[in-house]
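Engineer: So that we are looking at the same thing, I have put the structure below in structure tokens.
The values are calculated or read from the model by the stated rules, or taken from the named source; none is laboratory data. None of these values were measured; they are calculated from a predicted model. Here the Cβ positions follow ideal geometry from the backbone for every residue, glycine too, while neighbour counts run over all protein chains shown. For accessibility, only protein heavy atoms count, side chains too; no ligands or nucleic acids. Shrake-Rupley method; radii C 1.70, N 1.55, O 1.52, S 1.80 Å.
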Amino acid sequence: MKRQYFGTDGVRGPYGGPVLTDAFAERLGFAAGKFFLAQAPGHRRVFLGRDTRASGPALLGALARGLAAAGMEPTSLDVIPTPAVALAVARHQAGPGVMVTASHNPAEDNGIKFFLPGGLKLSDADEAAVEALLPSAPASVPALTLPQLDFGAEYRAAVSGLLSPGALTGWRLALDAAHGATVATGPAVLRGLGAEVTLLGGAPDGRNINAGIGSEHPEALVAEVRRGGYRLGIAHDGDGDRCVLCDETGALLDGDEILTILALHALRSGKLAARTLVVTQQSNLGVDAALAAAGGRVCRTPVGDRYVMERMRAEGATLGGESSGHVICSDVAVSGDGLVAALKVIAVMLATGRPLSVLRQQLRKFPQRSSALRVKEKIPLEKLSALSAVIGALEQELGAQGRGLVRYSGTEPKLRLLVEGPTDAVVDAALARLTAAARAGLEVL
């Protein structure tokens with residue numbers, strides 16, 4: 001079903017823009033509340049969290065008012081990582097959960113993510129059903145005094161249990177919290193396990209979330225680690241569901257490298273459920289080769305961590321994620337959790353005695369290039385004849401030695417292009433051909 005407001009990961013856009021306003025949030029909260037009550041009439045309590053954006057309190061309050069008007073019982077978790085909202089829903093056997101966040105987007109954006117009872121994200125059909133209820137929302141809803149729940153300590157305790165007490169004694173770590181929702185959780189967990197932590201991006205002011213820092217901008221983290229003495233660096237995005245790492249030399253690891261380290265270690269330990277790793281179309285073909293050589297397999301999904309989770313459940317897998325740094329370890333978390341991913345990698349380091357610079361060598365990536373074009377209009381790809389012709393030609397030329405991937409972003413007005421192939425020269429030439437064809441058919445801003 002076609003959706004007007006929901007994208008790859010919830011509703012997202014500029015706050016105060018054409019869609020994301022307090023009035024729309026009230027209507028969306030009402031529609032979501034009616035949907036949830038129809039699905040599970042006995043689950044009226046709903047948890048709401050937010051990241052550190054200045055627009056967060058107003059949007060959270062508007063959503064809560066709409067949910068309450070629909071018959072739900074909202075409770076605020078205030079500033080907390082997205083995975084903590086999912087965990088709160090699952091642990092407290094409440095109704096649904098809501099997270100107000102635009103993830104890795106800049107501070108002027110915001111967004112809304114919903115979780116079903118149990119902590120899973122909504123399906124495409126669920127989101128379409130919520131949108132269908134928007135016309136039933138009243139023009140205004142009553143004011144609300146919103147109760148609060150401090151779930152931070154419970155989340156920190158749950159995540160800390162992944163390692164033994166004192167396991168990180170003597171470790172120096174650099175942590176970039178992106179001035180976001182992990183400021184009060186990540187440093188506390190790592191220090192509680194004994195680590196000495198240097199914190200970057202730890203002073204949110206409502207306007208600086210993701211601003212030149214965090215998983216999308218890890219340059220400051222890399223520079224800090226390269227000063228020496230750190231076992232690794234960890235960077236999150238604004239809501240804490242992503243993680244990128246850098247090894248002790250300051251070299252960056254993306255989600256593909258993290259997933260490969262975790263999957264291969266689990267395979268060798270006989271603990272990779274269904275001997276399967278689930279990734280998206282964006283992941284490097286080297287991941288498939290590494291898993292196949294170790295006796296495992298890779299399943300691919302469309303881009304979006306909820307699609308990964310859906311496939312994991314279908315395959316009986318417990319490990320999956322995206323090259324962007326979303327990593328889902330469903331044996332311990334019901335959604336992507338950047339801190340869980342980092343602790344899982346640290347657990348492999350502890351078990352093997354190997355530094356991250358050695359563990360990362362298990363993935364040999366195919367040469368890959370990507371780019372993004374900001375476009376005025378998302379014209380259906382099948383209507384772009386020149387681009388379709390180049391895509392078809394590349395499929396024939398690359399065969400099993402590579403691939404081209406062209407898709408629109410689900411959260412931004414961008415066309416994303418990706419090419420993998422046997423050599424850098426082949427990949428560069430292919431990406432140039434795709435880019436030229438895209439520009440011929442689209443108005444690029």
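Engineer: Just the accessible area per residue of region 328-373, please: how many Å² with a 1.4 Å probe?
Structural biologist: Numbers: 1880 Å² over 46 residues.
In whole numbers, region 328-373 has 41 Å² accessible per residue.
Engineer: Now a separate question. Could you tell me which of the pairs LYS113/LYS414; LYS34/LYS414; LYS34/LYS121; LYS113/LYS365; LYS383/LYS414 are separated by over 26 angstrom between their Cα atoms in the structure shown?
Structural biologist: Working: LYS113/LYS414 21 Å; LYS34/LYS414 33 Å; LYS34/LYS121 17 Å; LYS113/LYS365 32 Å; LYS383/LYS414 17 Å.
Violating the 26 Å Cα-Cα cut-off are LYS34/LYS414; LYS113/LYS365.
Engineer: How many percent of the accessible area of region 161-232 is carbon or sulfur, using a 1.4 Å probe? Don't skip to the answer; put the middle values down first.
Structural biologist: On the way: 1440 of 2920 Å².
The computed percentage sits at 49.
Engineer: Sticking with this structure for a sec: Under the rule of at least 5 residues apart or a separate chain, name every residue whose amide H is placed under 5 Å from the amide H of THR301.
Structural biologist: Under 5 Å from the amide H of THR301 lie the amide H atoms of VAL279, THR280, GLN281, each far enough along the sequence or on another chain.
Engineer: If you take every DSSP beta bridge fully contained in the chain, what fraction is antiparallel? Give it as a percent rounded to 5. Numbers along the way, then the final one.
Structural biologist: Details: 34 of 60 bridges.
If we restrict to bridges inside the chain, about 55 percent are antiparallel.
Engineer: How big is region 394-435 in terms of Cα radius of gyration and Dmax, in angstroms?
Structural biologist: When restricted to the Cα atoms of region 394-435, Rg and Dmax are 11.1, 31 Å.
Engineer: Also: Taking θ = phi - 60°, what integer Hz values does the Karplus form 6.51 cos²θ - 1.76 cosθ + 1.60 yield along region 316-329, in sequence order, with x for Gly and Pro?
Structural biologist: Going residue by residue, I get x, 8, 10, 9, x, x, 10, 5, 5, x, 6, 10, 10, 10 Hz, with x marking Gly and Pro.
Engineer: If packing is taken as the average count of other Cβ atoms within 10 Å, what order do 183-193, 14-24, 238-248 fall into, highest mean first? Walk me through the numbers before you get to the answer.
Structural biologist: On the way: 183-193: 21.1, 14-24: 15.9, 238-248: 28.4.
Answer by packing, highest mean first, reads 238-248, 183-193, 14-24.
Engineer: Could you state how much accessible area GLU420 has, in square angstrom rounded to the nearest 10, with a 1.4 Å probe and all protein chains kept in place?
Structural biologist: 0
Engineer: Would you mind putting 120-130, 259-269, 435-445 in packing order, based on average other-beta-carbon counts within 10 Å, highest first? Could you put the intermediate results ahead of the total?
Structural biologist: Values: 120-130: 18.2, 259-269: 21.6, 435-445: 15.5.
The densest-packed peptide leads the list: 259-269, 120-130, 435-445.
Engineer: Go through region 266-283 residue by residue and turn each phi into a ³J(HN,Hα) via Karplus (6.51, -1.76, 1.60, θ = phi - 60°); whole Hz please, and just put x for glycine and proline.
Structural biologist: 5, 4, 5, 8, x, 10, 8, 4, 6, 6, 10, 10, 10, 10, 9, 4, 6, 5
Engineer: Still on this structure, I have one more. So what does LYS378 come to for accessible area, using a 1.4 Å probe and Å² rounded to 10?
Structural biologist: 90
Engineer: Estimate the FRET efficiency between LEU134 and ALA40 by the formula 1/(1 + (r/R0)^6), using the beta-carbon distance for r and 25 Å for R0, to the nearest 0.05. Intermediate results must be reported in sequence, preceding the final value.
Structural biologist: Working: r = 20 Å, r/R0 = 0.81.
Efficiency, from the Cβ-Cβ distance: 0.80.
Engineer: Another question, if that's okay. In whole Hz and in residue order, list the ³J(HN,Hα) couplings for region 227-236 that follow from phi through the Karplus curve 6.51 cos²θ - 1.76 cosθ + 1.60, θ = phi - 60°; x for Gly and Pro.
Structural biologist: 5, x, x, 9, 6, 6, x, 10, 10, 10
Engineer: Scaled to the compact-protein estimate 2.2 N^0.38 Å, what is the alpha-carbon radius of gyration of region 177-265, rounded to two decimal places?
Structural biologist: 1.05
Engineer: Highest GNM mean-square fluctuation, the chain, Cα pairs closer than 10 Å: which of LEU277, LEU381, LEU252?
Structural biologist: Maximum among the listed residues: LEU381.
Engineer: Report, in deg cm²/dmol and to the nearest 500, the calculated mean residue ellipticity at 222 nm for the chain, where each DSSP H run with n ≥ 4 adds -39500 (n - 2.57) and the sum is divided by the residue count.
Structural biologist: Working: 14 runs with 160 residues, N = 445.
The per-residue figure over the chain is -11000 deg cm²/dmol.
Engineer: For a quick check of understanding: with a 1.4 angstrom probe and all protein chains in place, what accessible area in square angstrom does HIS92 have, to the nearest ten?
Structural biologist: Counting only protein heavy atoms, the figure is 70 Å².
Engineer: So, one more: Taking a probe of 1.4 Å, how large is the accessible area per residue of region 60-118, in Å²? List each step's numbers first, then the result.
Structural biologist: On the way: 1330 Å² over 59 residues.
Computed with neighbouring chains in place, this is 23 Å² per residue.
Engineer: Of all the accessible heavy-atom surface of region 257-414, with the other protein chains kept in place and a 1.4 Å probe, what percent is carbon and sulfur?
Structural biologist: Details: 3280 of 6640 Å².
Of all accessible area on region 257-414, carbon and sulfur atoms account for 49 percent.
Engineer: On to the next question. Please find, in a Gaussian network model of the chain (springs between Cα atoms separated by less than 10 Å), the residue of ARG50, ARG156, ARG369 whose mean-square fluctuation is greatest.
Structural biologist: Sorting by GNM fluctuation, first place goes to ARG369.
Engineer: One quarter of the convex hull surface, Cα atoms only: what value does that give for the chain in nm²?
Structural biologist: 20.6
Engineer: What does the highest-first list of 149-155, 66-72 look like by mean Cβ count within 10 Å?
Structural biologist: 66-72, 149-155
Engineer: What residue among ALA294, ALA94, ALA235 has the largest mean-square fluctuation in a Gaussian network model of the chain, using Cα springs under 10 Å?
Structural biologist: Sorting by GNM fluctuation, first place goes to ALA294.
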